[in-house]
1. Starting from the stretch 18-37, take each residue that is surrounded by 15 or more Cβ atoms within 10 Å (Cβ to Cβ) and list its partners that are part of a helix (DSSP H, G or I), counting only C-beta distances under 8 angstrom and pairs at least six apart or across chains.
2. Looking at the stretch 29-39, can you tell me whether even one residue there is touching a strand residue (DSSP E or B) at 6+ places or on another chain (Cβ under 9 Å) and modelled with pLDDT under 80?
3. Would you please name the residue that is surrounded by the fewest Cβ atoms within 10 Å (Cβ to Cβ), looking only at residues in the stretch 84-105 that are modelled with pLDDT of 85 or more and closer than 15 Å to residue 41 by Cβ?
4. Criterion first (surrounded by 13 or more Cβ atoms within 10 Å (Cβ to Cβ), more than 12 Å from the chain's Cα centre (by Cα) and modelled with pLDDT under 80) does residue 44 satisfy it?
């Protein structure tokens, strides 16, 4: 059975990306609940090295325009995954980024 993180709290904002203190708070929650997979939308993260989570593999869909965007995915080390970008925001009328994360246990 997958343990999916269903905790709703604003960890990012339009002007503030995922700060180190918010990241630490989120990491504690993820470990307390033994979360297998999590995603942070509107993450605005460019440098995923700064946002490594203990015992997790991190995938990132970079924000593609000047507006808030980007998705940060976390996957517990005990699982395997394949990350792929399905669709990027390109052009004036396109307002969505879509990514796919296939997850399995090895």
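The values are calculated or read from the model by the stated rules, or taken from the named source; none is laboratory data. Values in this document were obtained by computation on a predicted structure and should not be read as measured data. Ideal geometry is used to build each Cβ from the backbone, glycine not excepted, and the neighbour counts take in all protein chains shown.
1. 18/26; 18/51; 23/51; 35/29
2. no
3. Per the stated criteria, the residue is 100.
4. On the way: surrounded by 13 or more Cβ atoms within 10 Å (Cβ to Cβ): yes; more than 12 Å from the chain's Cα centre (by Cα): no; modelled with pLDDT under 80: yes.
No; evaluated as a whole, the condition is false for this residue.
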